Each structure stands twice: as C-alpha cells, then as structure tokens.
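Here is the structure we will look at.
The values are calculated or read from the model by the stated rules, or taken from the named source; none is laboratory data. Quantities reported herein were computed from a predicted structural model and do not represent experimental measurements. Glycine also receives a Cβ, built like all others from the backbone with ideal geometry; neighbour counts cover every protein chain displayed. Calculation scope for accessible area: heavy atoms of the full protein, side chains included, ligands and nucleic acids excluded. Shrake-Rupley method; radii C 1.70, N 1.55, O 1.52, S 1.80 Å.
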Amino acid sequence: MSSINTNASAMNALATLRNVNSSLNQTQDRISTGLKVSSGKDNAAYFAISETMKGDSGMTKAVNESLTLTKNSVATARLGAEQFSDLATEFRDKVAFAQENKGGLGEIEADLTRLVADMAAIMSQSTFNGDDLVNAAKSDNAATPAASTPLALDVYGGTATASTSAAAADRQIITGISRDAGGTLQTTKITVSPVDLNKQLETFSAIATDFSTRAAATGDVDTDGTIDGDQYLANVLTLADTATQATVDAATSLGQSEKSIERQQEFLTKLSDNLDSGVGAMVDANMEEEAARLQALQVQQQLASQSLSIANQAPQNILSLFR
C-alpha cells in the first residue's frame, strides 16, 4: 500500500543519514582533537583513569623540577666543599713541610693565613639561590638554630673540643609521589645532610695564628703549660690532618646526595614518559584509522542523501494513477 501521508522509505533513509552524520561528526572531532576519549560521555572508565594518570604525571614532573633546584644547591655546595678540601690538603702539606724546614716559617705562616682566607671566601660563595649547605651552623637552614659558641681549640696541646654551634637539620627531600591500592597519595623522600665546615675553618685559622713563633721556639713546656717547637708542629700536623679528612668526608657526603638526586630525576623522567604513554594508549585517536573512516563515512553520507532523495520521489509515482 502506498500512502501520501507516511513515507516509510524516506523515514528509513533519513534515519540512516542521521546515523552517518553523527558518526561523521564524531570522526571529525577525533581528527581535530586527536582524542578518541575527550570527555566522560565517550568512555567514562577510560576518562576517569586517564584524568587521574594525567594528574600523577603532572605531580611527577613538578617533583622533578623541584629536584632540579635542590640538585643545583647540592652541586654548588659539593663544588665548594671539594675546593675547600683541596685547600685543606695544601694547608696540611705546608704544615708537614715545616716539620724539617725551620728556615722559612714566616713565609709558611703567610701561606697558611692566605689559605685560611681563601677557605673562608669559598664557604661564603658556595650558595645557590641563597641556599647554604656548607656553612650550616651559621645559616638559616637549622630547624632550631642555637647560639653559636667559639670552637675550643688547643693547638699547642694537640686537642680540639667540638663546637657547640647548632648544625642544620637534615633535609627531607620529596623524590616521588605515588598512590596506594586505595588511591591515597604516598610520598617518598631522601635525606640530604648539610655539612658544617666552620669547625675545620676555625682549626686551620687557629693553627695559622702565631705559627712561625711557636714552631721556632725551643720546644720546652712554657710556664703557661703550652707546648712549642717540634712537639707543637707534631700536634698541629695531627690537627690539620684530622680537619682535612673531615673536609673530604663533607665533600663525599654532598657528592653522594647529588648522585642520589640525579638517579631519582632520571627515574622520574622515565616514569612521567611512561604515564603519558599509558594515557595516550587509552584516549588518543588512531589517526590512520580515523582518516580511513572519514573517507568511508563521506561516501556513506552521499549514498544516504541519494537514497533519501529517491525515497522522497516515490509519492510522485502515485500521480500517474490519476492521469
């Protein structure tokens, strides 16, 4: 039966055209955005997971960038500590040279005084963006800084009492953020220990003071109980060697911290790349497939339009019955 009120063929052709147009619009959106899941309506599960992973990737990159500042601070401190250690070694060698060379004690003392001044300059300059990791006792890095008291140093008796200056607390550096099984954020940290070269600087400074006078003396015990001469030289050489070893330990500690940060940054870089790759696998459109689908849908659109045109012409055939 034919009807001029209801054209079932045209309705079917129109429904087909609507579906083709909808698919075509979706494909064009994927091509223009590069995403097959751009909102929750596309795929709710993938969208939720991808948004969480994007957030995790962003936090990982932020931690990595923050570690760059910390690494620069540690690297600067390590460089200063190593240079300080080199000068300390030179200082100790000059003290050792004086053991059997009494003729140039005045020149040796002048060299020692200059080395102490250079050490102090290096300590003051070994900062990055105001962060001081080699002058810990005198910096603002201490969690509870206390009043600093001078180092009790008896270079004549060969003893040194530890300084009571407050050393800075260890730094707890965040190196990563992850989620547990329940989705709660968890942080991982490493410890960076600031070093204090003040005691060593004070030791070298005390040795350099009146070095030539004490070293050139007879070596007898003075009325004030101090020791001069060869015994004095032996004592200060021991003190200089102990202080030098401490500077080596400080430089080594900072070097280990710097290397640990570098390893963590390398891992974070790979981790963020992996997270981004995982997100892309879920939400990125396959452009080769979308390009092929676009061409197919354009052909289907043309055919659906032609089919609709043919269906709309069907009622015209009824007119021939009335001729």
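The table below gives the values:
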quantity	calculated
Inter-residue pairs, beta-carbon under 8 Å, first under 20 Å from Leu17 (Cβ atoms) and in the stretch 312-323, second open to solvent by 90 Å² or more (accessible area, probe 1.4 Å), 6+ apart	Ala314/Ser2; Pro315/Ser2; Pro315/Ile4
Qualifying residue in the stretch 60-76 (condition: in a loop (DSSP other than H, G, I, E, B) and either among the aliphatic types (A, V, I, L, M) or at pLDDT below 90 (or both))	no
Yes/no for Gln302 being modelled with pLDDT of 90 or more, part of a helix (DSSP H, G or I), over 30 Å from Thr70 (Cα atoms) and open to solvent by 60 Å² or more (accessible area, probe 1.4 Å)	yes
Single residue of Leu239, Leu233 found to be surrounded by 19 or more Cβ atoms within 10 Å (Cβ to Cβ) and at pLDDT 90 or above	Leu239
